[in-house]
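J.: Handing you a structure now.
The values are calculated or read from the model by the stated rules, or taken from the named source; none is laboratory data. These figures come from a predicted structure and were not determined experimentally. Every residue, glycine as well, gets a Cβ built from its backbone with ideal geometry; the counts of neighbours run over all protein chains shown. We work out accessible area using only protein heavy atoms, side chains counted, and drop any ligands, DNA or RNA first. Shrake-Rupley method; radii C 1.70, N 1.55, O 1.52, S 1.80 Å.
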Amino acid sequence: MRAVAQQMFRTCDTLFSRKMSTDAVEARPSNIETAAQMDNVLHLPSSSQTFNVGAVMERAHHGGGWLLSGIIGVNILTLGCALVSGSAFNSVAITAVHRQIFLIILLLLTMLWMLFYAVVTSKKDQAVLFKDGHAGPVWLRGGLLLFGFLSLLMDIFKIATYVGYLHCDSAVKVAFPVVQAVFLIVQTYFLWFHAKDCVQRHTNFTRCGLTLLLSTNLVVWMAAVTEESIHQTEIPDLDVNVSHKMYRASYGSVKCKCSHSACDTFKDAFYYLYPFNIEYSLFASAMAYVMWKNIGRLVGDHRRQSVKFYPKDVRVGPVMGLLLAVAGLVTFVVYEVDILTEDEKNRNRALLIHFIMNIVIVSLMCLSTVIGCILFRLDHREHVSEKNPTRSLDVGLLVGASMGQIIISYFAIVAAVATGARGYLNALNLSWAVLTVLQLGLQNYFIVEGLHREPFHVMQEAALHTNAHAVREHPEMSVVPERQKSKYSMTSSPETLSWKRRVLKEVCVFLLLANIILWIMPAFGARPQFDHPIEIKFYKFTMWSAIVNIGLPFGIFYRMHSVASLFEVYLIS
């Protein structure tokens, strides 16, 4: 019996050691990361090591949990997509009430699971032994908090609006924003405190719960995008060259009148808050996906080194970016005012100003991005080899979301070229589309390259460790030539920034502000795709509206996601 017990112990120890080498040291990280991770793993208490053997055994048979959570997610998303699409048209016997009942059920189930996780799962012994230092950074959670507050404000305005229709419409339309407001509070609390968790207990149930959370946020996003697209979609009358906004209230027919005078004010207010609610749902979905990927993951406790923001680090980038953002806001206001007039001259002038402003913005972004890419080619920092679900998700979302704007641009290019691009508006529209495709490609390369570079403070630590070791073995090497020291003598202090770091930071800040103004204009109502009739005449309204209403939400999300990614590149540069 003793021999059998010893053999079992050696087998478990071998299995544990193999798993540690796979999870704690993933994809050949650097020597510093390897040492830090192994030191943290080896200094775990004995009870934790005993549990980890069981965790490894559980992960070896976790295929059922991943499969079940995937099935749940696919079914929720498919049913939600069908209900959201069906309720968008009056000719289908699915109303907004049916969609909101489905969403209320999803929100309540998701809240129950989040409460169970916070009260039961996370409190169990050895349930969360590890934290992913890359997941849920404070600036991302701060953005979630800001968008959540504005989404809560939107729900309050919705409640105030729909209360005025209770005498002639369904009470579900009041109940939905009430439930959604509670959901926003619970989910923001949950993600703020648990976004970094690497769960080791109740793993299958937690996978299914996080899939429910992810799917619920995506269905809420689809519903918000659909309502916003219907609200902003323009129905052109090409015979008189006038288009009008299709303001279709989702709360009832024209026979149902509001019982108080503030309905129109509240309705206009919550429509302006839709972009923030859309971004909140996507932020929450991304954080839920990272938590799902981290279930059962064993990682070293290598926390992100805090990088302070020094205002003196950058000067030109913020000034140029702010000037561009202010100019963009002014032209956007002029565009929104003039495009609604029936005077064709004013409408053409509004389109001219809008096209020129966007061409200037994307041209300057292309130029600054090329400068940043050249600096990366001159940079000697190594590429990060550590496996990181957060970074992989950032890159996937960045490239995937950019396809929405790229599709719209290529369809516009084909329409302009096929019709000869006659007239200054058609020529400007063609130029904008070509420059947008170029800018998206360059910016994607710049951000992906920046996210995969070692942070400067890590390179500095590696150089210090290497130099200290070399000096101990060879004292005669204590005098290092100045030109070799300058390669890695870079700290986050503003006084010692090299010119390459400073220019990289300037480029990041400028691109960040430029992406903000490019997010604001389409998110708050700029639709030159419908105001300029060339694509509608070429593709017909039905096809072109489908292309724009599918691609534009991804393009809007791309700009906000680029802001977050550029801030990350700024911090590690």
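J.: With all protein chains present, how much of the accessible area of segment 60-206 (probe radius 1.4 Å) comes from carbon and sulfur, to the nearest whole percent? Intermediate results must be reported in sequence, preceding the final value.
T.: Working: 5080 of 6680 Å².
Carbon-and-sulfur percentage of accessible area, whole number: 76.
J.: Follow-up question, since we're still on this one. Per residue of segment 563-573, in order, report the coupling 6.51 cos²θ - 1.76 cosθ + 1.60 (Karplus, θ = phi - 60°) as ³J(HN,Hα) in whole Hz, putting x for Gly and Pro.
T.: 4, 5, 5, 5, 5, 5, 4, 4, 5, 8, 8
J.: Along its principal axes, what span do the Cα atoms of segment 518-572 show, with the longest given first and each in whole Å?
T.: Ordered largest first, segment 518-572 gives principal extents of 47, 16, 14 Å.
J.: HN-Hα J couplings of segment 369-384 from phi, Karplus 6.51/-1.76/1.60, θ = phi - 60°, integer Hz, Gly and Pro as x?
T.: 5, 4, 4, x, 5, 5, 5, 5, 5, 7, 6, 9, 5, 6, 7, 5
J.: Beyond a 32 Å Cα-Cα separation, which of these cross-linked pairs lie in this structure: Lys124/Lys173; Lys131/Lys173; Lys196/Lys267; Lys345/Lys540?
T.: Numbers: Lys124/Lys173 39 Å; Lys131/Lys173 40 Å; Lys196/Lys267 37 Å; Lys345/Lys540 24 Å.
The answer is Lys124/Lys173; Lys131/Lys173; Lys196/Lys267.
J.: Now, a different point. Counting only Cα, what are the radius of gyration and maximum Cα-Cα distance Dmax of segment 348-409, in Å?
T.: Radius of gyration, then largest Cα-Cα span, for segment 348-409: 17.0, 52 Å.
J.: Hand me the trypsin sites (Lys or Arg not before Pro) from segment 502-567 located in a DSSP loop with no more than 13 other Cβ atoms within 10 Å, in residue order please.
T.: Details: sites: Arg502, Lys505, Lys537, Lys540, Arg559; in loops: Lys540.
Here the trypsin sites (Lys or Arg not before Pro) that fit, given the DSSP loop and packing criteria, are Lys540.
J.: If you don't mind, another one. Please give the direction-averaged projected area of the C-alpha convex hull for segment 92-154, in square nanometres with one decimal.
T.: Reported value for the Cα convex hull: 6.8 nm².
J.: Separate question: Can you pull the three principal axis extents for the Cα set of segment 332-443, in Å, largest first?
T.: So the extents along the principal axes, rounded to whole Å, are 59, 32, 28.
J.: Let me check I've understood the local charge: for Ile520, count other residues with C-beta under 14 angstrom from its C-beta, Lys and Arg +1, Asp and Glu -1. What total comes out?
T.: Charge balance in the 14 Å sphere: 0.
J.: Suppose we look only past 15 Å in the calculated P(r) of segment 312-375. What percent of the Cα-Cα pairs does that tail hold? List each step's numbers first, then the result.
T.: Working: 1217 of 2016 pairs.
The answer is 60 percent, as a whole percent.
J.: May I ask you to derive the FRET efficiency for Ser392 and Cys168 from their Cβ-Cβ distance with R0 = 45 Å, giving the value to the nearest 0.05? Present the calculation step by step, with values, prior to reporting the outcome.
T.: Working: r = 51 Å, r/R0 = 1.12.
Efficiency, rounded to the nearest 0.05: 0.35.
J.: Also, quick follow-up: Under 25 °C and 0.890 mPa s, how fast does segment 398-438 diffuse according to Stokes-Einstein, given a Kirkwood radius computed over C-alpha pairs? Answer in µm²/s, whole number.
T.: For these conditions, the coefficient is 237 µm²/s.
J.: Mind listing the long-range amide H neighbours of His202? Cut-off is under 5 Å, sequence gap 5 or more, other chains count too, H placed in the peptide plane at 1.01 Å from N.
T.: none
J.: Under a no-solvent Debye model with one identical scatterer per Cα of segment 108-199, what's log10 I(q)/I(0) at q = 0.12 Å⁻¹?
T.: For the requested q values the scattering log ratios are -0.50.
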